[in-house]
1. Specify the residue with the greatest mean-square fluctuation among Val87, Val187, Val173, computed from a Gaussian network of the chain linking alpha-carbon atoms under 10 Å apart.
2. Take the Cα coordinates of the chain, assign each an equal point scatterer, and use the Debye formula without solvent to give log10 I(q)/I(0) at q = 0.14 Å⁻¹.
3. Out of the trypsin sites (Lys or Arg not before Pro) in the stretch 136-213, which ones are loop residues according to DSSP with at most 13 other C-beta atoms within 10 Å?
4. Can you pull the one-decimal nm distance between simple spin-label points at Ser64 and Glu39, each 7 Å off the Cα toward Cβ?
5. Taking every DSSP beta bridge that has both residues in the chain, what percent is antiparallel when rounded to the nearest 5?
6. If the chain between Glu185 and Ala111 were fully stretched, how many nm would it gain, using 0.36 nm times the residue separation less the Cα-Cα distance?
7. Could you identify which residue out of Phe102, Phe114, Phe36 has the top mean-square fluctuation in a GNM of the chain using Cα springs shorter than 10 Å?
8. How about the stretch 28-71: which GluC sites (Glu not before Pro) there lie in a loop by DSSP and see at most 11 other Cβ atoms within 10 Å?
Amino acid sequence: MSIETLLWRIPELADRFLYLNDDMMFVGPVQKSDFFTDEGKVVLRGSWADWSVKTDGEISFHGSNKLLGAEMMGYSRQHFFSPIHVVYPMWRPAMEQLFERFKAEFLANAAFRFRDRSQFWAISLQNHLLLKEGWAEVIKPSDALHFSIRRCRTEEADQLLGRLKQLQSERIVMTCVNYLEAVVEKVPEAMEYLAAATGPAAAFEKKRGSEQA
C-alpha cells in the first residue's frame, strides 16, 4: 500500500502506464487500446458494487482499503467500483492531482511499514476520480482470469486445472494467481500450464535455477 501510494512518482515515468503485482502476468497479446481509448479514457475492468448488507467484519482486508479509496471521492459502500485484480492502467496526472488534493492523507498512507487495514488503496482512489470526472470507461473483464486466494484454497484440483487450461484460450490475455503455492500443491503441473500460457522467456529473463547476476 505504501509503495502504491507513491508509485507514480518514479522519475521519467510515462503519463500512462501499466501496474502489475508480482502475481500478475500477460497470457496473450495486448495493445494500447486494451487499457486506454483513442479518446484518452482509462479502461477499467470490473463492476459497480453494493456492500450495504455487509458488516465491517465481513469485508476483507483489501476490501476495506478499496472502500476507503472510494469514500475519499464521495462514493459509499452502497455504490462504488470494484475492479478485477489483474493489470491496472494508471494515469499519472490524475495521481498528481489527487496528491495535491490529499497531500496529508498520501503522506500518512505512505508512512506505514507494513500493510494496514486503515490505509486507503491509491488505485481505488484514482479509479473513482477518473469515473467521477468522466475520464474512464468500464468494461466487463471477459479477457482476464483471476485466481483469488479463496479459489486457490478451496477449489478442487480438477476445478483449478480447468481454469489453468482456460489461460491458453485466445480470449484470455491476462491473469493473476494470488496463491500459486496452493495451486501447485493441488495441480503439480500448474507451472507447465503457466509457462505455456505466458510464452517463451524473453532474452532478459533468468532461466529457472540460475544464479543471481
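1. Judging by the Gaussian network model, the answer is Val187.
2. The computed values of log10 I(q)/I(0) come out as -0.98.
3. Qualifying residues, ordered by number: Arg171, Lys206, Lys207, Arg208.
4. Modelled inter-label distance: 3.8 nm.
5. On the way: 13 of 21 bridges.
Antiparallel: roughly 60 percent of the beta bridges in the chain.
6. 23.0 nm
7. The residue that fluctuates most here is Phe114.
8. Glu39
Every number in this text was worked out from the coordinates using simple rules, so none of it is lab data. Keep in mind that this is a model prediction, so the values were computed, not measured. As a convention, Cβ positions derive from the backbone with ideal geometry for all residues, glycine included, and neighbour counts pool all protein chains shown.
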